[in-house]
Amino acid sequence: MDAAREEFRWAEFASRDDEVAYRRYHRVASGRLTALALVATSMLVLLNVRNDFLLATDQRVLVTQLLARTVSVALGLSIAVHALRTDDPMRLERATVAWIVVTLVTKSYVLSMRPPDYYAHIASDIVFLVVTLLILPIAFRFQVASMLAYAAADLAIAVFFRNPMGRAAALSTAFTYALAMTLGTIASYRMQMAMRRAYVHLRSETRMRESLEKALAEIRTLRGVIPICSSCHDIRDEQGAWHTVEVYVQEHTHADFTHGMCPSCVRKLYPEIADDVLAAVALDATAGAQKAPPREMPPQA
């Protein structure tokens, strides 16, 4: 995964595997943020229950609104608990998007039952937009879709269930919505891209470090004072066991041994044929040197 060549689409990795790996890496922090956002939004929903009692037109409407809010809050709190326990960030995202849909339907129904001159919900709706765009760790495309759906729902409520606003109030409300949506979208996009690029660099550094550690682990050298027998030349290891030089070196380095015999030992062990053997060895060495390609001499100045 190279940060310079990595491809993104809608502030996500183009590769599904890379996106899933990124989500799993951030699953703990994402779970905490999701739980925080859902609990905060559920508390905001509960604060509006007082308005349900004050503004409900009849008992049946009040009961229906309270039931809808209960479903929304219960779903939000259950997903918040699930967010702190799950190891599947993609499943958590699907559950969060489902909660957003339920909350949108609940909000739209409750607001459609409000009096025609009721506009007090605008401030809480803007707060929800900011929470959705900047806190909920869902995919950027779901953030944008949720934002547009909430804005469309508020527009539909204003057109079909509210008395017309004054010109100044309408312009002020439209400007506030547009500003919140624009700044939230830009901030969310930049934040999501920055986090993914940071993840790419982190993974690259981790892989480089793992490669370096693996290479260093393969480099084995002998250091310090090595206890060796002055008679047989066996070597004592750290556990006190004695080994031949060949065994000790092979166990502590990557070197291997091939056995031969030096001229002194040939004469000592085989004095009768020592001269013939050494002469044959010297002849073989001379023939091998003659077959080797000649070294190129550097050009003279």
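Just so it is clear, none of the values below were taken in a lab; they were calculated from the coordinates. No experiment lies behind these values; they were computed from the predicted model shown. Note that we place each Cβ from the backbone using ideal geometry, even for glycine, and neighbour counts take in every protein chain shown.
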Original post:
Based on the Cβ-Cβ distance of ALA152 and SER204, what FRET efficiency does E = 1/(1 + (r/R0)^6) give at R0 = 51 Å, to the nearest 0.05?
Top reply: 0.75
Original post:
For the Cα atoms of the chain, what angle does the longest principal axis make with the long axis of helix 167-218, in degrees from 0 to 90, nearest 10?
Top reply: 10
Subject >> Whole-Hz ³J(HN,Hα) from phi, Karplus 6.51 cos²θ - 1.76 cosθ + 1.60, for region 44-52, glycine and proline x >> reply: 5, 5, 5, 5, 7, 5, 4, 5, 4
**OP:** Give, rounded to the nearest 20 debye, the magnitude of the charge dipole that region 8-191 has about its Cα centre when Lys and Arg contribute +1 at Cβ and Asp and Glu contribute -1 at Cβ.
**Re:** 100
Original post:
With point charges of +1 on the Cβ of Lys and Arg and -1 on the Cβ of Asp and Glu, referenced to the Cα centre of region 1-61, which listed residue (ALA11, LEU55, TYR22) lies farthest in the positive direction of the dipole?
Top reply: LEU55
Subject >> Karplus 3J(HN,Hα) series, Hz, for region 247-264 with 6.51 cos²θ - 1.76 cosθ + 1.60 (x for Gly, Pro) >> reply: 5, 4, 5, 5, 6, 10, 9, 9, 7, 10, 10, 10, 9, x, 8, 7, x, 4
Original post:
So how far, in whole Å, is the C-alpha centre of region 6-42 from the one of region 185-255?
Top reply: 34
**OP:** Find the centroid of the Cα atoms in region 135-160 and in region 63-107, then give the distance between the two in whole Å.
**Re:** 16
Original post:
Among rounded, prolate and oblate, which fits region 235-287 when a ≥ b ≥ c are the square roots of the eigenvalues of its C-alpha gyration tensor, a/c under 1.5 means rounded, and a/b larger than b/c means prolate?
Top reply: oblate
Original post:
Which label marks the calculated value of Rg/Rh (Cα atoms, Kirkwood Rh), given the options (i) 1.28; (ii) 1.09; (iii) 1.44?
Top reply: (iii)
**OP:** Quick one: angle between helix 274-291 and the longest Cα principal axis of the chain, in degrees between 0 and 90, rounded to 10, please.
**Re:** 50
Subject >> ³J(HN,Hα) computed for each position of region 111-126 - Karplus, 6.51 cos²θ - 1.76 cosθ + 1.60, integer Hz, glycine/proline x >> reply: 5, 5, 8, 6, x, x, 9, 8, 10, 5, 7, 4, 4, 5, 5, 5
